[in-house]
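First comes the structure, then the notes that go with it.
The values are calculated or read from the model by the stated rules, or taken from the named source; none is laboratory data. Owing to the predicted nature of the structure, the values given are computational and were not obtained by experimental measurement. Note that each Cβ is placed from the backbone with ideal geometry, even for glycine, and that neighbours are counted across all protein chains shown. Keep in mind that these areas ignore ligands, DNA and RNA; they rest on the heavy atoms of the full protein, side chains included. Shrake-Rupley method; radii C 1.70, N 1.55, O 1.52, S 1.80 Å.
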Amino acid sequence: MQDNNQRPVALMNQNLLFGLVLLSAVGHASWNALLKTTSDRLVLMVAIRIVGLLYGAIVLWAVGAPSIGSLSWMIAAAVAMWIYQALLVQAYHIGDLSFVYPLSRGLAPVLLTAIAFFLLNETISVLQLLGVISISLGIVTLALLGRGSSGALVYAMLIGASIAAYSFLSGAGVRLSENVLGFSAALEIASGVGILGYTTVARGRSFVPSLLAIWPTGIGAGILSSVGYLTFLVAAVHLPIGPVSAVRECSALFGVLIGIFIMNEPFGLARAFAAVLMTLGIMVLAVL
């Protein structure tokens, strides 16, 4: 009888986690749109990561460090994040948001589900796999209609691989950390130190005036980024990484909507069809 009472609670908690991850996807698309439209993308990325660094320092002081066994995973995830951030800044110089963003986010769930299945021995049901595939096909369809350059295509593929890498590494590490908040905080600090160090070496003090000029935007984008990724880590502790990542990558849908209605990008009808594919995938994941 106790098991029967616990099942509705477990289902509610699972759906709540998926809902929070989907909400964080809206935030993720929003800060990527800000990154695309800003005049100095590297400086905005620095502002975003400084917010994460400050958040990480406060939380780490409050809750303590994650377990020693998770630190190697955290460091590897931070390196993958550095690569992702550098690629993202460069990609938006040559490619449209509606091409680079959905394609890179769409590749990640497929890669991540394969990694989780073969390396983490996670059990993925047929329906979950179909949900992941449906979402990914929708996102890839959106990307193909973007008609980007070959350079933008290469960047998008590399970004997708880096997303899969840091999602897998951080998802595996947080399960060993015994401290989700501590792991998230340490990862934010490592990520922030990396991009801030690179920018300091590349530009010296010359980036500081630009940083001060966009600071309000940077604070908002940084909060969206940090809270969104913390949501992913919490969900990854309790749910299979592949489906969680797939729902998070539906940020591509919101990115396309931003592109159509705010940035006045074309191909709305065809992209609506792709959105249906993603929505069906979300529904499959949500009812499991």
Legend entry - Pairs of alpha carbons in the chain whose separation is greater than 27 Å (percent): 38 percent
Legend entry - Calculated Rg and Dmax of region 156-288 using C-alpha coordinates, Å: 17.8, 52
Inset, instruction - Using a 1.4 Å probe and counting only protein heavy atoms, arrange HIS238, HIS28, HIS93 so the residue with the most accessible area comes first. - result: HIS238, HIS93, HIS28
Legend entry - Normalised convex hull volume, region 30-159, alpha-carbon set, Å³ per residue: 136 Å³
Inset, instruction - Could you estimate the translational diffusion coefficient of region 197-244 from the Stokes-Einstein equation, with Rh from the Kirkwood formula over C-alpha pairs, at 4 °C and 1.567 mPa s, in whole µm²/s? - result: 98 µm²/s
Legend entry - Distance between region 197-221 and region 124-178 - C-alpha centres, whole angstrom: 29 Å
Legend entry - Residue with peak Gaussian network fluctuation, the chain [Cα springs, cutoff 10 Å], from LEU212, LEU103, LEU42: LEU212
Inset, instruction - For region 8-66 and region 72-98, write down the distance between their C-alpha centroids in whole Å. - result: 15 Å
Inset, instruction - Kindly give Rg over Rh for region 118-218, based on alpha-carbon atoms, with the Kirkwood expression for the hydrodynamic radius. - result: 1.07
Legend entry - Positive-end residue, the chain charge dipole about Cα centroid, Cβ charges, pick of THR38, GLY27, ILE115: THR38
Legend entry - Charged-residue dipole, Cβ positions (Lys, Arg, Asp, Glu), the chain about Cα centre, Debye nearest 20: 380 debye
